[in-house]
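Computed from the coordinates by the stated procedures, all read-outs in this text should not be read as laboratory data. In this text the structure is predicted, and so the values were computed from the model without any measurement. Cβ coordinates were reconstructed from backbone atoms using ideal geometry, including for glycine residues, and neighbour counts include every protein chain displayed.
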Amino acid sequence: MAALLAAAALLGACGGASPDAADPTTDATDGPTANRPTAGEEEHPCAWPTRADETVNNIAYPDTAATYWGQSFSLAEGERLELAGSFPDARYASFITYRPTGGAVDVLTDRDIEPDDGSTNPFAGEGRDDGPHAYTVTVRPDRTDDASGNDLGADTTGIDPTGGDDVDGELVIDDDVAARVARDRIGSAGEDGVRGTILYRVYTPTDPDDRTGGAGLPAVTLVAADGTRTSVPGCPEPGENPAARALVEHYGPATDRAAPPAPIFVRPQGDSARLFPNPDNVYVATILEHEPGRIAVVRGRAPRFPDTAAGDEVGGDEQVRYWSMCTNEYRKPYPVTECAADDATALDADGWFTYVISTPEDRPGSATTENGVTWLDLGSTEVDVVLLLRHMLPDDDFPNSALELDPGQLATQVMGQYAPVGAYCTTAQFDAGDAACRPA
């Protein structure tokens, strides 16, 4: 138990992601390499130069049902960014600003974004009709009390990730990466401005082939203190961000905790400030250790969620907006292996899930969705595995969500039937229906 509670400190960063994005006319599902000017062309920043998911910038425990786009900025006094877009046809979307070291500053969740005049917000109980769903979000250096509901604050503090000696914990990156960081920033202030990153997240788009949810990416405009407006063209191919990877490698927690003797879930504790966290997500997690021929089995009751891909509207009687179970490598930069989203998880007649986590070679023949079982790939056997259950935006009236746990607290102490409970057994035992494979 002590080993598990100590390991929870590592897991405090779960669910972040790295920067990534494009403009409203760009297909964000295109290739992984950011499209840069050819030799001889003058280089200017483009909007949303970075994308993150399970294949591009796979860092900081991303969810495979989500895509993350990012834009760095350095704003002078009175300067601001305007993001003009449309609400996606998806389960969830948000904008979050971060300090240069990856700590969250401000969040604007889909349901809280005010639509433009004549438009509606489908996440705010207004339904998804055929009318316009436009919005405008503003990023300001300082979010004051009289700011509008669509204002996001930046921050004036943080460690510059573009260089400096590795003294007092500062991050050192090579000159090429530092030059790209400076080039990708939007704003006129250079090193002297309010610096940070904004991440735009979209979860579970209704059309899985369009990860922007049919809305494209928000158009970005830099507005000067005197009102001068400069449109920033969208990047043709949002892609890798070596600076974000270096930041996570440098500031992320150690990965030296021992796995517990059985899969026991806790709410993570510790500093999550430097792994691009999402304040709308709460987690419980455990660490798994691979042994040949052994599998992990996890059971629990599934909370209600709006199956938007099947036509449900958000804001109904759901207990959470979204939930998922993911396997992740327990090493920096914390890549995800596989996730099973709520709408892809098999449930029994009583609404309970059963997950089997193993290598493909050790997968039981009976671990199929037809048998009410969801199989997850353990991933690399060279390192331990972080098994993570997400609860997003739990309802205030849902007393058994991960949000109700204190950091470091066991899931079973508060979550009741909704707590994931795990056990180890062999492949043969599972196929034989052995009681050892049914977590108590």
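Quick notes
- Order by protection proxy (mean Cβ within 10 Å, highest first), peptides 82-94, 204-216: 82-94, 204-216
- Given +1 at the Cβ of Lys and Arg, -1 at the Cβ of Asp and Glu and no other charges, the dipole of segment 254-437 around its Cα centre is 540 debye to the nearest 20.
- Averaging Cα coordinates gives a centre for segment 188-229 and one for segment 51-79; these two points are 10 Å apart.
- Burial ranking of peptide ranges 338-351, 97-110, 59-72 (average Cβ count within 10 Å, highest at the top): 59-72, 97-110, 338-351
- Computed over segment 254-437, the quotient of the alpha carbon radius of gyration and 2.2 N^0.38 Å is 1.00.
- Taking all Cα-Cα distances within segment 335-440, those exceeding 25 Å account for 26%.
- Mean-position separation - Cα centroids, segment 361-410 and segment 85-150, in angstrom: 29
- Electrostatic bookkeeping for ASN371 treats Lys and Arg as +1 and Asp and Glu as -1; over the other residues with beta carbon under 14 Å from its beta carbon, the sum is 0.
- Using only alpha carbons, segment 65-122 has a radius of gyration to Kirkwood radius ratio (Rg to Rh) of 0.98.
- Highest mean packing comes first when the peptides 424-435, 399-410 are listed by Cβ atoms within 10 Å, giving 399-410, 424-435.
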